[in-house]
Amino acid sequence: MEQVLVDLLSRITPPDEMAMDAARRRQAQLAKPPGSLGRLEDLSVQLSGITGRVDNHIEKKHLLVFAADNGVVAEGVASAPQSVTLMQTVNLTRAKTGASVLARHFNCGITVCDVGVNADIRESAVLNRKIAYGTANMVHGPAMTREQALRAIQTGYDLACDTPADVLGVGEMGIGNTTTSSAVLAVLLDADVDTVTGRGGGITDQSFAKKKQVIRRAIQINHPDPCDVVDVVSKVGGFDIAAMCGAFLGAAASRRPVVIDGFISAVAALCAVRLCPDVRAYLVPSHASFEIGYRLAMEAMDLKPLFLLGMRLGEGSGCPLAFQVLDAACAIINDMATFDQAGINDDYLEPIRKGDQFTVEERA
């Protein structure tokens, strides 16, 4: 592994177990049956492990969206033309897309970063970190060079570290990126292409069959090493996936929670976890993506989404919703009365506490 990547990963540390224990003790003192607030309790404990504090506040929320084009669209794997990437990258900065409307509605900051759009963007609100004008067509060889993949990872890492916020969300914009994400996931999980590939933005049966055929051919031609994340991303991934992976790493390195959006974001998060398992403790899934491969990516990280809303837009659209749940988790542990403050004798709960009535799985 390249030294620059080793240096980035060395800054990521495990969660603070003492702070998590303190948060659990605080939750046990609150005037409620044990575990009765379910995932909100779990999230408050997770946040304590991330920050090292029990009393956390989610005030500054920020969405990072990485935009890039994918050469594989030349194979007819997407319903939308590549020009949509350019238009929606700009529209994201104008609160005209699903994710940016939600970000504005919930007062979240948003940064749109061009890491590989196949056009010159003359819009000052779009951050220009272009690695190249889209990736190469991965059915003819590697999508990018290894050096480009590392540059994209570094770009996402630096942007996450430099963004002032209490919580970050990671999204994307790029026509064809469900194809690249499915390819990356198939390699990392040694899974059959059929089990990880969905229809993306919507394609015909004929195009869907071709999409899976293209992914199989790209993997066969490039022989990505499943034990080497950078090799996988460089050969069958995209600049957006690489940058998103870097953003998850950067959030963990700066000890802040980071929200996973949908399928593509989940694949990038899995890449980050494979590079550094400690990253998992910093991840907060938002919605369960409609894409078929999402569930496998979540299972590989042993994570469960917060919402089941049938969403499949991407862009980071699930992140502003998850930010509100994190905010609620903080409100509960910070502001709810303890049994003593409520004037309630909690001795009646001892049999329940000793019996551990509800497991985490049952509450989820």
In this structure, among Lys61/Lys304; Lys130/Lys304; Lys61/Lys354; Lys60/Lys211; Lys96/Lys235; Lys61/Lys210, pairs with alpha-carbon gaps over 29 Å are Lys130/Lys304; Lys61/Lys354; Lys60/Lys211; Lys96/Lys235; Lys61/Lys210
Treating only Lys and Arg (+1) and Asp and Glu (-1) as charged, each at its beta carbon, one finds that region 10-142 has a dipole about its Cα centre, in Debye to the nearest 20, of 400 debye
Cys residues of the chain with no disulfide-compatible partner (no other Cys Cβ under 4.7 Å) are Cys108, Cys113, Cys161, Cys227, Cys276, Cys319, Cys330
Measuring from its Cα centre, the chain shows a charge dipole (+1 at each Lys and Arg Cβ, -1 at each Asp and Glu Cβ) which, in debye to the nearest 20, is 780 debye
Cross-link reach from Lys212 to aspartates and glutamates, straight Cα distance under 12 Å and at least 8 residues apart if same chain, gives Glu75, Asp192, Asp194
Ignoring ligands and nucleic acids, Asp228 exposes an accessible area, probe 1.4 Å, in Å² to the nearest 10, of 40 Å²
Result for the chain: accessible area per residue, probe 1.4 angstrom, in square angstrom, of 41 Å²
A 1.4 Å probe over the protein heavy atoms gives region 185-313 a carbon and sulfur accessible-area percentage of 52 percent
Of the candidates His57, His223, Gln29, the farthest towards the positive dipole end of the chain (Lys/Arg Cβ +1, Asp/Glu Cβ -1, centred on the Cα centre) is His223
Ranked by GNM mean-square fluctuation in the chain (Cα springs under 10 Å), the top entry among Gly310, Gly246, Gly343 is Gly343
Relative contact order in percent for region 1-135 (Cα pairs under 8 Å, 6+ apart) equals 22 percent
Heavy-atom accessible area of Thr135, protein chains in place, probe 1.4 angstrom, given in Å² to nearest 10, is 20 Å²
Counting only protein heavy atoms with a 1.4 Å probe and every protein chain in place, the carbon and sulfur fraction of the accessible surface of region 103-150 in whole percent equals 47 percent
GNM of the chain, Cα pairs under 10 angstrom: of Glu123, Glu315, Glu172, the biggest fluctuation goes to Glu123
Given unit charges at Cβ for Lys, Arg (+) and Asp, Glu (-), the dipole magnitude of region 259-305 about its Cα centre in debye, nearest 20, is 40 debye
Mean projected area (nm²) from the convex hull of Cα positions in region 1-104 is 11.6 nm²
Membrane-span-like helices (DSSP H runs, Cα span along own axis at least 15 Å, mean Kyte-Doolittle at least 1.0) in the chain -> 177-189, 239-253, 263-275, 319-335
Most fluctuating of His105, His287, His62 in the GNM of the chain (C-alpha, under 10 Å) is His105
The correct ranking of Tyr294, Tyr348 by accessible area at 1.4 Å, largest first, is Tyr348, Tyr294
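The values are calculated or read from the model by the stated rules, or taken from the named source; none is laboratory data. Only a predicted model underlies this, so the values are computations on that prediction, with no experimental measurement involved. Cβ sites come from the backbone with ideal geometry, for glycine too, and all protein chains shown count toward neighbours. Protein only, heavy atoms only, side chains kept; ligands, DNA and RNA dropped before computing areas. Shrake-Rupley method; radii C 1.70, N 1.55, O 1.52, S 1.80 Å.
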